[in-house]
Each structure stands twice: as C-alpha cells, then as structure tokens.
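Q: What follows is a structure written as structure tokens; I'll ask about it next.
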Amino acid sequence: MAFKCLRFSKFHYSCSISFTTTHSGYGSDSSTLVVVDTLISIFTKGPNSDINTTEQLNRVAPILTSHHVETVLTRLRSWKVAQTFFNWASNQHQHGYRHSCYTYNAMASILSRSHQSAQLKTLAKDITNSPCSFTPGALGFFIRCLGSVGLVQEANEVFDEMKMKGLCAPNDYCYNCLLEAISKSKSESGCVDLMEKRLKEMRVFGGEIDKYTLTPVMQVYCNARMFEQALSMYNIMREKGWVDERVYSMLALSFSKWGEVDKAFELVERMDEQGMRLNEKTFCVLIHGFVKESRVDKALQLFDKMRKAGFTPHVSLCDVLIGGLCRSKDTHRALALLSEMKEFGVQPDVGILTKLISSFSDTSMIVRLLEEILEEEDDQTLVLVYNAVLTGYVSDGLMDKAYHLLKMMIQSKYSSTDAQMDTFLKVKRLVFPNTTSFSIVIDGFLKSGQLDLALHLFNDMQRFIGKPNVLIYNNLINGLCNSNRLEESRELLSEMKESGIEPTHFTYNSIYGCLCKRKDVLGAVNMLKEMRACGHEPWIKHSTLLVKELCDHGRAVEARDFLDKMVQQGFLPDIVCYSAAIGGLIKIQEVDQALNLFRELCSRGHCPDVVAYNILIRGLCKANRVTEAENLLDEIVERGLSPSVVTYNLFIDSWCKNGSIDKAMALLSRMSEEDREPNVITYSTLVDGLCRAERPDDALLVWNQMETKGCPPNRIAYMALIHGLCKCFRPTSALRYFREMEQKEMKADSFIYVTLLSAFLSDLNLTSAFEVFKEMVDSGYFPESHDKNYSIAIDAIVKFSKDHRTSSGILVLMEEGKIPTHFM
C-alpha cells in the first residue's frame, strides 16, 4: 500500500492526512472482498454473542491479514466502530495476525480526524510496546497524526522508541514531521528547547534542512513570542527563496498577536509585491486583531485589500470594523463603511445599526440611521434599535431627550404621535418600550443623581409594563441607600417580596451598607439575621466600615460586641474587621480587651496577619507593657510569619524611649540580617534615641549609615537630628544640618528655630543666636503670647538688646513691627 502523503516529495505538507487502500502487494480478488464485507457487516451491526456471528468471526480470524484490516478501517465511518474492530483484530495473535505500520496509521488517521486524543494516546503507547517496524514515511505520518491533536509528548516518545529499538531509521522527513508536531503544541513552555534539540539532532545525522524544516521552527518561535529568533528564521528562508503564503501569514498573525500591527501590515504588502495573497480566514483574523489593538486605520486598509482580492466580507466582519470605528469616535468613516456595505451587497444587521445609533446624539443622524431599518421589521427588533437610541442619549448625558423619546414610545400604543414626532424624530414608526427601555433611562437618572425622576419613571413602568425585574429593583434600592433614604429602600424591598421577586445578595447588601454607614448596630444585626435566613453573605467591606466608624467615634466596645453578634449569626468577620476593632479598643486604652479579642479570633480559626500583630504591639508598647509585646514578636516568628519593618520600628521606638538604646541598635543589625531594609522612620527614631541617651557621635554614625544605604533623610529626620544635637550642646553641628535641610528646600517647624536659638544662647554665641532669631522672625514663626516658647523669645530679645553686636539689629526689628516692644 502506498500512502499519498508519505512520498518523500517536498509537496507532502500540502497534502491532508489521508491514504489510499490500493496496496501493490494485494489483489482485489473476490475472496478478499468477501472477508472485508463480512467484517464490515458484523461490526457495523455490532458484535454480540450470537452463535452465527461468533462462527463467522472464527472462520475469518485464521485468514485475517493486515490488508483486510486496513481495508475495513478505511470503509468504517464511525471511529467507535473502527476502534472496536481494531481491538478485535489486535486480539487475533493466536492465529498469527499482527498489525502492520499501515493498519496502525489507518487507525491513527481515523482517531486524529475525530479528535480522539485519549484513544490516540493509547494507540501510541501500543506502538511503542509492539515489535512492529515502520518505514520512515509511515513513522512521519503517525507523528503528524499525533501532532494534529496536540500530543507532542507522545509524538516525541514514539519517535525515540522506534529509533532506539531499531524499528525505524528516521530520515529528514521524520524530523520535519516531528518539528511540525512540536509547532502545534498549545503549551509554550519547553517547546523551544525541544524543537532546538531535534533540529540539532537532525543536523548531526546529516538531514537536509529545507523550508519544511524551518517553517515549523519559525512557528515555535512565534508561539513562544521570541520575536528576534522568529525573524531570523524568516530572513534565512527569504534569502533562500523559501518564503511562501504560509510563512508570510504565520509571521503576520504573530506580529498581530504581539501588537506589532505596522510590521504585520508591512508583511502583507510585501506579499502583494510578490504576487501572493492571504486566504480569507487570515484576512479576517488579522482584521480582528488590528481592531483589538485599536488600529482601525490598518484594519480598514486590510479590508480594502481583502475586497480587491475578490472576497466578499461577511456582515460579522463589517460589524467588527464599525464597532472599532464607533469606539474611536470616527463616526464619519463608520457611516461611509455602512454605505460601502450596500454597494457590495451586504445588508447591515440590527447589531451594526444599534452600534452606530448608540454613537450619535445628533437627531438628524439618528433619523438617517433609523431609515435604514426595513419597514417589515417586527416590533421586537425595532425596540432593540430604539433602546440603542436611548443608550446613546444616556451615555451622552442627554437625559431630557432620552426621557422624551421613552414617553413618546409609551404614547405610541395609546395615541397618535405624528405631530410630536415631526418635532423630534421624523420616523414613520414607533414601538412600545420593553423592560430594558425603562431600565436604560432609570439607570441614567440614577447615575446623574436624579433619584426622584428615576422613582417616578419606575412607577410609570409598573403601570404600563407590569412587574419590574430584579435588576431595576436592585439599582433603585442601591440608589436610595446611597442617598441615605433607608426607609424608602425598605419599602421597595417589601414590594419586591410581595410581587414574588426574590431579593439577591446585592439587594440585601445595599441596605446593610446603608445601615453600616449610619452606625446603626441594631439595624445591621437584624439585617444579618434576615440575610442568614435567605442564605446570603454580608459584604466584608460594609462590616469593616461599621467597625471602623464605631471605633473612630470612641465606640470600640460596641464594635467588638457587633463582631460577636456576627459570629453568633454564623458569619465569620475577616482579619481586617478584627484588626480595626483591636485598634479601636487600644485607642480608648482598653488594651486587655484588645488582647482578649485577639486571642478569640485565633481560637476561631483566624490566622492573624502581621498588621494585626503590629496594632497590638503598638498598644502594648504605648502602655509600657513591652515584655508582653516582645512575647508577641516571638509568636509572630513561631507562626511562620515575617516581622515587618513596621514591627521592628515599634520596638525600636519603645526601647529608645525607655532607655534601652542598645537593644534598639541590636535590632537594627537584626533587620539587616533578615533582609528587612530599615526605612527613614527606623533611622530617625534611632537618631533621636541616641541623642536622648547623650550619644551624639553614635547618632551621627547612624545618620551616615542611612545615607550610605541609599535612604534619603526627610524633614522629620533632619528635625530629629537638629533637635538632638542641640540638646547635646552641639548647636554649631545642628546649624550645619539646618542649612543642609534648607538647601534641599525642606521647611523646618517653628520649634526647631526655638531649639537652635536656646542652644546658641546657652553656648553664649549671641551672633549665631541672633542669625537664627532673625530667620525665625522673617519666616513668621515668632511665638504668640500664649505659646510656651514665648518666654524664650522674650528672653532672647532682652539679651540681644544688651549686647552691642546685636542691639542695633533688634531695634530695626522693633521699628519694623516684627517683634513686641511693650516689655522694654
């Protein structure tokens, strides 16, 4: 038997996976036909335990040949029947029957055409376990069958097994088929390495590298988004004259997927120059891709090429282009394309017209588009079109026009609207609105803040249409709740239930959210009970909001009780809710209650995060319960969590304030060991702590370390250092950093001027003290009479007035009215 696609011609890639049944070693004598017909008759009717069937199969089995099996398989239409017959033949080994490469390939062809991956995978395993030898052509064919359904791993296993067992000597055709199978893999990972490995093998054994080799290689690179490598393959093929329509199309499609629209279009133009063209499917895919990338300009140029190539565009393709033009606000070109559609005989559908209508707010243009709709269109279709008009008006904020059109649509059922239409939309026919029509306008009113108009229209809808749907109820209830009109939203909820419409989780959560914003704990708990009865879950964001609001207003104990009631109703608050309550309790100095709540959430299955631990650690440190805080730090590590920079900063701050500066410095070293990069807060706190401990030199070392580590100091850090150096009687050094701060355009607070002033006065350096004093006055930072620093400023004035170096300067400031004179 000779497979057409197995000839070692370079044209085999243009052939489909098929084979002939004319085998040169067999004749078509009557005995062969009888055997084949008998087997087909038996298996198409379904083999069973019938005595006659069994006897027939027993008579055929001893004379069964691979030619019989192959011929039967080619004539069976059902893959399941073919599989049953193939399995029966496989079990006739006691009669000396063995499958050949041709029977395996016949079965593989059937399974691949039927996309039966699981059965084809089993067949591949059978081949690797059998002693059947394959010709290179037969092996290549089987590998292509596997590749066609994405069984790349199995294709490689079969290839290696046949080669290793000596059942086939692969040639360049086999390798090309294997590369093609690899190129069809849906998984990008590993395919490049596998392809490159096979290509290297092929070169080693001396296989001929041709266009059928490099085409799948380029496809693999394209699939893996390896642009440079794919382009390199293309250039090699172009130099050798191997580039054809398939290669151009492949690369153009890949460029389109990568968003390289211009490069994809350039390839299409290069095809034109060489007398090649894309097929219709590729044109369509590229146009879709270009529009997706918002390159409608290139999509339209490609559309023109498609028409010139003789293809008549489908209405769906025009829909894509017009949709893209409408999204890019190029309505003029969209209308031009609509006219072109008529010229080449494609009738626009309602989808295209509604897209266009939705893009216009100009009445005359809407009328023109409405005229495109056939008179015989039914009301159901027409209402979709008018809904598009309503949507367009609402999107453009033209609520008056939308409301007016909806009213005319309502009146069309009860009275003649010709006179009104002459002044509004000059169309011949209106239709009665549906639920969607009302919903569009109601939503528009809600979004524009016109809640009362939305409610009025809702009442009209109930009168004219009947029962609203759940979406309209939900939107109105949500609008009422957002406007804090809780009672009205509850009335709508009751109305929903009475009309037989089941409220959704959105309905209940809208009202629940309103109750939480009101800090109405009792109402929120009652709503939780109702939601539990209906099987709905409260949204965590609302529960968290209530807890935070209560804590912000000093009602942390109520917040804790609310969380307990949530648990009683079967709702487990998340860690964010608990953290907010813990923080609230700490804020009102109820640290023990915060600790108890923390332990409760642990016992309820929650695993506290580092944020929750930090909140509790902050509270304990503030209450000078540092030992308990340190125990929590150990607990963080035991739970497998990593303390954050915030965690370490809390301890550093606490230890600096209680005099344990060495522990704070040790923690700085630990942070570096644990790859927790200290931040400016860490360094600022340590600088302040070291200065408090009268260790200004160490403070400056930490400052230098901060700058060396690439952590730029902020104004808080500068003020901490300046203040600390002044307290350590180093005003000159402090002034240097003050000037550095000014150079960086950072403005110091008023207390820094007072601190520098006091330090220089204590150091009896009146010249520098006056320099700082004058800057403080010019900056508008002279203390008010009720300020605690006022006495320091007055004392400075007295001292400056008595010193000959500064007295004249003080008199000038007094004359300018910048400092007080009444105490003199």
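The values are calculated or read from the model by the stated rules, or taken from the named source; none is laboratory data. From a predicted model like this one, the values you see are computed outputs, not experimental measurements. Cβ atoms come from the backbone with ideal geometry, glycine included; neighbour counts cover every protein chain shown. Side chains are part of the model used for accessible areas, which takes the heavy atoms of the whole protein and leaves out ligands, DNA and RNA. Shrake-Rupley method; radii C 1.70, N 1.55, O 1.52, S 1.80 Å.
Q: Quick one: length gained pulling GLU201 to GLU638 fully straight, 0.36 nm per residue minus the C-alpha distance?
A: 152.0 nm
Q: Find the all-direction average of the projected area of the Cα convex hull for the chain, expressing the result in square nanometres with one decimal place.
A: Over all viewing directions, the chain projects a mean Cα-hull area of 60.6 nm².
Q: With every protein chain kept in the model, how would you rank THR54, THR32 by accessible area, 1.4 Å probe, largest at the top?
A: Ranked from most to least accessible, the order is THR54, THR32.
Q: For the range 62-110, with every protein chain kept in place, what is the accessible area per residue (1.4 Å probe, Å²)?
A: 42
Q: For the chain, find the longest principal axis of its Cα atoms and tell me its angle to the long axis of helix 750-762, 0 to 90°, nearest 10.
A: Once rounded, the angle reads 50 degrees.
Q: Oh, and also: On a full-extension model of 0.36 nm per residue, what is the gain between THR627 and ASN704, subtracting their alpha-carbon distance, rounded to one decimal in nm?
A: Additional length available on full extension: 24.6 nm.
Q: Measure nothing fancy, just the Cα-based angle from helix 626-638's long axis to the longest principal axis of the chain, in degrees from 0 to 90, nearest 10.
A: 10
Q: I would also like to ask the following. Suppose every Lys and Arg Cβ carries +1 and every Asp and Glu Cβ carries -1, with no other charges. What dipole size does the range 715-785 come out with about its Cα centre, to the nearest 20 debye?
A: Once rounded to the nearest 20, the dipole reads 260 debye.
Q: Next question. As a test question: what accessible area, to the nearest 10 Å², does PHE311 have when a 1.4 Å probe is rolled over all protein chains in place?
A: 40
Q: If you take the square roots of the eigenvalues of the alpha-carbon gyration tensor of the range 42-191 and sort them as a ≥ b ≥ c, do you get rounded (a/c under 1.5), prolate (a/b over b/c) or oblate?
A: Prolate is the answer for the range 42-191, as a/c is 1.5 or above and a/b outweighs b/c.
Q: Leaving out ligands, DNA and RNA but keeping every protein chain, what accessible area does THR38 have, in Å² rounded to the nearest 10, with a 1.4 Å probe?
A: Only protein atoms counted, so the area is about 40 Å².
Q: On a 0 to 90 degree scale, rounded to 10, what angle separates helix 261-273 from the longest Cα axis of the chain?
A: Here the helix axis deviates by roughly 30 degrees.
Q: Same structure, new question: Go through ASN624, SER133, GLY206 and say which Cα lies farthest out towards the positive end of the charge dipole of the chain; charges sit on Cβ, +1 for Lys and Arg, -1 for Asp and Glu.
A: Selected residue: SER133.
Q: When the expected Rg is taken as 2.2 N^0.38 Å, what fraction or multiple of it is the alpha-carbon Rg of the range 474-598?
A: Cα-based Rg divided by the globular estimate yields 1.10.
Q: Going from most exposed to least, what order do GLU70, GLU549 have by accessible area with a 1.4 Å probe?
A: Putting GLU70, GLU549 in descending order of accessible area: GLU549, GLU70.
Q: At a 1.4 Å probe radius, which order do HIS804, HIS288 fall into by accessible area, largest first?
A: Ranked from most to least accessible, the order is HIS804, HIS288.
Q: Right, something else. Evaluate the relative contact order of the chain (contact order divided by residue number), counting alpha-carbon pairs under 8 angstrom at least 6 apart; express in whole percent.
A: 3 percent.
Q: What FRET efficiency comes out for ASP262 versus THR436 if R0 is 35 angstrom and r is the Cβ-Cβ distance? Round to the nearest 0.05.
A: The calculated FRET efficiency here is 0.30.
Q: Measure off 7 Å from each Cα along the Cα-to-Cβ vector at VAL812 and GLU673, then give the distance between these two points in nanometres to one decimal.
A: Going by the 7 Å Cα→Cβ label model, 5.9 nm.
Q: Could you check the simple spin-label distance between SER801 and ASP126, using points 7 Å along Cα→Cβ, in nm with one decimal?
A: The answer from the label model is 11.5 nm.
Q: Suppose every Lys and Arg Cβ carries +1 and every Asp and Glu Cβ carries -1, with no other charges. What dipole size does the range 655-771 come out with about its Cα centre, to the nearest 20 debye?
A: Roughly 200 debye for the range 655-771.
Q: Any idea of the accessible area per residue across the range 426-520, 1.4 Å probe, to the nearest Å²?
A: Per residue, the range 426-520 has an accessible area of 45 Å².
Q: Quick one: which of LYS121/LYS186; LYS541/LYS587; LYS292/LYS401; LYS447/LYS517 span more than 27 angstrom between C-alpha atoms?
A: LYS292/LYS401
Q: How large is ³J(HN,Hα) for each residue in the range 341-352, as worked out from phi by the Karplus curve 6.51 cos²θ - 1.76 cosθ + 1.60 (θ = phi - 60°), to whole Hz, x for Gly and Pro?
A: Ordered by residue, 3J(HN,Hα) equals 4, 5, 5, 9, x, 10, 7, x, 9, 4, x, 5 Hz.
Q: On to the next question. What translational diffusion coefficient, to the nearest whole µm²/s, does the range 635-772 have by Stokes-Einstein, given a Kirkwood radius computed over alpha-carbon pairs, a temperature of 37 °C and 0.692 mPa s viscosity?
A: Estimated diffusion coefficient is 209 µm²/s.
Q: What figure in square angstrom, to the nearest 10, would you give for the accessible area of SER762 with a 1.4 Å probe?
A: 90
Q: Suppose each label sits 7 Å from its Cα in the direction of the beta carbon; what would the GLU600-THR74 distance come out to in nanometres?
A: 8.2
Q: How much length, in nm to one decimal, is gained on full extension between SER448 and SER791, taken as 0.36 nm per residue of separation minus their Cα-Cα distance?
A: Taking SER448 through SER791 to full extension adds about 117.7 nm, to one decimal.
Q: Between SER328 and GLU745, what's the calculated FRET efficiency when r is the beta-carbon distance and R0 is 60 Å? Round to 0.05.
A: 0.85
Q: Taking the Cα centre of the chain as origin and charging only Cβ (+1 Lys, Arg; -1 Asp, Glu), how large is the dipole, in debye to the nearest 20?
A: The calculation lands at about 1560 debye.
Q: Something else: Ignoring any ligand, DNA or RNA, what whole percent of the accessible area of the chain comes from carbon and sulfur when the probe is 1.4 angstrom?
A: 50
Q: A further question on this structure: Find out how many positive minus negative residues lie around MET237, taking Lys and Arg as positive, Asp and Glu as negative, among other residues whose Cβ is under 12 Å from that of MET237.
A: Here the count lands on +1.
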